[in-house]
Amino acid sequence: MPKIQDIDLTPNPNARKFVLKEPITNGVARSFENKEDASSDNLASKIFEFKGITNVFIIDNWITITQDGSRNWDDLLVEVAQPIREHEPLKIDDVSIDEPHFNFDDLTEDDKTTLDAIQDILDQEIRPYLQADGGDLYIVGFKDKLLQVHYQGACGSCPSSLTGTLMGIESMVKRVDPEITVTAI
């Protein structure tokens with residue numbers, strides 16, 4: 001059973017990040033927007049049983065739980081801690097690959113090169129900070145110099161993700177191509 005090492009605040013007042021002593025995924029991000037999305041995941045399904053839960057984001061040794069703001073965190077933390085503690089930790093055999101969210105094969109060679117450079121920026125300069133705050137993002141589209149990203153975890157409903165963070169990402173991506181614009185969907 002995973003032990004909860006820490007519970008961190010995030011910039012999103014409606015999200016908390018549970019840091020575990022052992023991993024429950026092997027680098028594979030799982031993000032669930034509602035109970036139906038979570039039906040294939042035992043832990044996320046149990047967390048969605050609690051009133052007010054709007055998102056469960058799981059990766060490696062941490063889980064970010066987002067609520068709709070209707071619940072007192074002190075009460076909700078006690079409730080969601082139980083299924084987290086009861087969940088089985090990762091077994092060595094449980095290795096899976098994260099499915100891509102965007103088909104890179106449909107791009108021109110120039111766009112692939114541009115997107116590779118953007119991925120490097122996201123991996124090195126953006127994701128570490130988003131993950132430290134209980135979130136992440138992935139690319140959902142790239143066409144006609146428009147990069148579409150989707151936020152996960154605490155970032156998905158955080159007020160700053162659609163303003164300051166998005167502007168910062170666009171600023172960094174413009175180092176690759178000054179004509180690129182970034183939008184969140």
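Brief remarks on what is shown
- For L147, the conditions (1) within 20 Å of F32 (Cα to Cα); (2) assigned to a strand (DSSP E or B); (3) of a type outside the set (D, E) all hold with the exception of (1).
- Residue within segment 153-167 that is buried (at least 22 other Cβ atoms within 10 Å of the Cβ) and assigned to a strand (DSSP E or B) present: yes
- Note on segment 15-36: residues that are of a type outside the set (A, V, I, L, M) and part of a strand (DSSP E or B) total 6.
- Residue count, segment 116-135 (criterion: touching a strand residue (DSSP E or B) at 6+ places or on another chain (Cβ under 8 Å), on the phi < 0 side of the Ramachandran plot, open to solvent by less than 50 Å² (accessible area, probe 1.4 Å) and not basic (K, R)): 6
- For segment 1-52, the set of residues classified as among the hydrophobic types (A, V, I, L, M, F, W, C), in contact (Cβ under 8 Å) with a residue 24 or more places away in the chain and either within 20 Å of G69 (Cβ to Cβ) or surrounded by fewer than 20 Cβ atoms within 10 Å (Cβ to Cβ) (or both) consists of M1, I4, I7, A15, F18, V19, V28, A29, F32, I47, F50, listed by residue number.
- Residue selected from segment 168-185 under the condition without any contact (Cβ under 8 Å) to a residue 60 or more places away in the chain and of a type in the set (D, E), by the criterion surrounded by the most Cβ atoms within 10 Å (Cβ to Cβ): E170
- Meets criteria (farther than 23 Å from L43 by Cα and at pLDDT 85 or above) for Q152: no
The values are calculated or read from the model by the stated rules, or taken from the named source; none is laboratory data. Remember, it's a predicted structure, so these values are computed and weren't measured experimentally. FYI the Cβ positions are ideal-geometry reconstructions off the backbone, even for glycines, and counts take in every protein chain you see. Areas reflect the complete protein model, heavy atoms only, side chains present, ligands, DNA and RNA absent. Shrake-Rupley method; radii C 1.70, N 1.55, O 1.52, S 1.80 Å.
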